[in-house]
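Report on the following structure.
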Amino acid sequence: MDRLAIVVPCYNEEEVLKIASEALRKVLSDLIGKKKISDDSYILFVNDGSKDRTWELIEEEHAAYPKEIFGVKLAGNVGHQFALTAGLLTAMKMSDVTVSIDADLQDDVDVIEEMIDKFHAGNDIVYGVRKERKSDTFFKRTTAQGFYKLMALMGVKTVYNHADFRLMSRRAVEQFSKYEETNLFLRGMMPLIGYQTDCVYYDRKERVAGESKYPLKKMLALAFNGISSFSVKPISLITGLGFFIICASVLAAIYALVSYFTGHVTPGWTSLILSIWFLGGVQLIAIGLVGQYIGKIYVEVKHRPRYNIEKVLSDEPEE
Ligand code: UDP
Ligand code: MG
């Protein structure tokens, strides 16, 4: 039977930790009772350098439930994406399948069972997707949806309305561990892994307690990181703009020459306006061109795996 690890990144979550622990332990015992996972499955709390009592609470929970509750303490606050990665890579060595979920229980723990079913049906990654966002404020909803659309426009493949509530098989996490980049945007990376995937749908709830650890500033940073880590399109846009300006400079030239010959312009204006338009376009193209090379260096430097072989059919015995 498969050993499940539920990975929970926590930053200043003292108000919700015990509630989360209880709810998730219940999910585990249900699944163990139904014989869907092995009885040594566990919950792994990752303390992301919390300033409050989060780590003490994790220690207490581990003491009370040594078989169910595990913990990882990071030396400082590194942010949600890194904390989650630390948890996944720790769990990778001691589990067959992982589910990542936020500590605040905004994601529906009841669909974890459905995720496991889909895993047993042969999926390596199962994405939790929000049906609607009634519980989010109008502001959070529109900004978040605008963000998903912008990502798609910039050519970044993501699963619409999926955050980081996700099941991953051991081999999916192992492949993910080969992505060595430092600018992490997990939502964009997972679709690159390949394998068979599926989605489960749920309604996102309100936080059980405490406040969001993702203020607007962090959200914008995540959005910008998502685009700049996955797409060099903004650079191509600059080159395109350069070409556009050069074409526009032809129109400006016609306009300036007509004005010149019809006679009422200040001396020097024609040559000045022509150089401004034309040189502006040339400069943008030049910057864009340099950018294209930097973009390539950027992609090379990331050193991502170029493919993921799922299966080989040959006359060699399988390992
Ligand atoms: N989190 C973290 N490190 C941080 C910020 C947040 O590990 O620096 C965790 C947090 O404890 C929670 C999850 O990331 O489990 C999502 O954060 P939150 O619920 O505050 O975000 P929101 O749902 O408001 O977008
Ligand atoms: Mg939340």
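The values are calculated or read from the model by the stated rules, or taken from the named source; none is laboratory data. Bear in mind the structure is a predicted one, so any value in this text is a computation, not a measurement. Because the Cβ atoms are built from the backbone with ideal geometry, glycine has one as well, and the counts that use them run over all protein chains shown. Note: accessible area is taken over every heavy atom of the protein model, side chains too, but ligands, DNA and RNA are not part of it. Shrake-Rupley method; radii C 1.70, N 1.55, O 1.52, S 1.80 Å.
One table, with the values for the structure above:
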quantity	calculated
Wholly enclosed helices (runs of 4 or more DSSP H) of the stretch 209-319 bearing at least 3 residues over 33 Å from the mean Cα position of the chain (by Cα) and over 30 Å from Y195 (Cβ atoms)	233-262, 269-302
Odd one out for D48, checked against (1) touching a Leu at 6+ places or on another chain (Cβ under 6 Å); (2) within 18 Å of M1 (Cα to Cα)	(2)
Hits in the stretch 1-47 - residues which are among the polar types (S, T, N, Q) and either within 16 Å of ligand 2 (Cβ to nearest atom) or surrounded by 21 or more Cβ atoms within 10 Å (Cβ to Cβ) (or both)	N12, S21, S41, N47
Flag for H264 being open to solvent by 80 Å² or more (accessible area, probe 1.4 Å), farther than 30 Å from E181 by Cα and out of contact with any Leu (no Cβ under 7 Å at 6 or more places or on another chain)	yes
Odd one out for D203 among (1) farther than 22 Å from Y11 by Cβ; (2) within 18 Å of the chain's Cα centre (by Cα)	(2)
Residue count, the stretch 79-92 (criterion: among the β-branched types (V, I, T) and over 15 Å from the mean Cα position of the chain (by Cα))	1
Top-ranked residue of the stretch 146-166 - restricted to ones that are more than 30 Å from D117 (Cβ to Cβ) and among the hydrophobic types (A, V, I, L, M, F, W, C), ranked as surrounded by the fewest Cβ atoms within 10 Å (Cβ to Cβ)	L153
For R3: the one exception among (1) within 16 Å of ligand 1 (Cβ to nearest atom); (2) in contact (Cβ under 8 Å) with a residue 12 or more places away in the chain	(1)
Subset of the stretch 48-66 that is of a type outside the set (G, A, S) and in contact (Cβ under 8 Å) with a residue 40 or more places away in the chain - its residue that is most open to solvent (accessible area, probe 1.4 Å)	Y65
Residue satisfying condition, being within 30 Å of Q175 (Cβ to Cβ), within 16 Å of ligand 1 (Cβ to nearest atom) and at pLDDT below 90, within set L222, L216	L222
In the stretch 185-208, the residues that are outside any helix (DSSP H, G or I) and within 16 Å of ligand 1 (Cβ to nearest atom)	F185, Y202, D203, R204, K205, E206, R207, V208
The stretch 167-184, residues that are open to solvent by less than 60 Å² (accessible area, probe 1.4 Å) and touching a Lys or Arg at 6+ places or on another chain (Cβ under 9 Å)	L167, Y179, E181
Residue that is surrounded by the fewest Cβ atoms within 10 Å (Cβ to Cβ), among those in the stretch 185-221 that are within 16 Å of ligand 2 (Cβ to nearest atom) and under 20 Å from F119 (Cα atoms)	Y202
Tally, over the stretch 77-90, of residues that are in a helix (DSSP H, G or I), open to solvent by 30 Å² or more (accessible area, probe 1.4 Å) and away from ligand 2 (no atom under 16 Å from the Cβ)	3
